[in-house]
Amino acid sequence: MTLQDDRDSGQPMAPRGRGFAGMDPTRQRDIAREGGRAAHEKGTAHEFTSEEARAAGQKSRMNRLAREAARQA
């Protein structure tokens with residue numbers, strides 16, 4: 001189906017982002033996967049330790065609780 005076909009079908013065309021945002025989600029995943037592999041091979045990829053992950057989870061929970069409290073106030 002071409003862009004012209006979309007126009008002829010009477011269906012409104014969905015706006016598409018530009019660049020990475022406008023790509024097919026499968027292609028986005030492929031590109032992101034390649035970047036992750038490259039970072040690991042290069043040695044610059046960050047891998048969370050258990051302690052870092054625990055701290056991030058705690059921070060997330062605290063932020064969520066604060067947002068919920070603010071909504072109720």
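The values are calculated or read from the model by the stated rules, or taken from the named source; none is laboratory data. All values reported here derive from a predicted model rather than from experimental measurement. With ideal geometry, Cβ positions are generated from the backbone for all residues, glycine too; neighbour counts draw on all protein chains shown. Heavy atoms of the whole protein, side chains included, go into the accessibility calculation; ligands, DNA and RNA do not. Shrake-Rupley method; radii C 1.70, N 1.55, O 1.52, S 1.80 Å.
When each of 38, 70 is tested for being among the aliphatic types (A, V, I, L, M) and either part of a loop (DSSP other than H, G, I, E, B) or open to solvent by 60 Å² or more (accessible area, probe 1.4 Å) (or both), the lone residue that passes is 70.
Tell me the residue from 21, 55, 45 that is at pLDDT 95 or above and either part of a helix (DSSP H, G or I) or surrounded by 10 or more Cβ atoms within 10 Å (Cβ to Cβ) (or both), please.
On the way: 21 fails: at pLDDT 95 or above; 45 fails: at pLDDT 95 or above.
None of the other options fit; the residue is 55.
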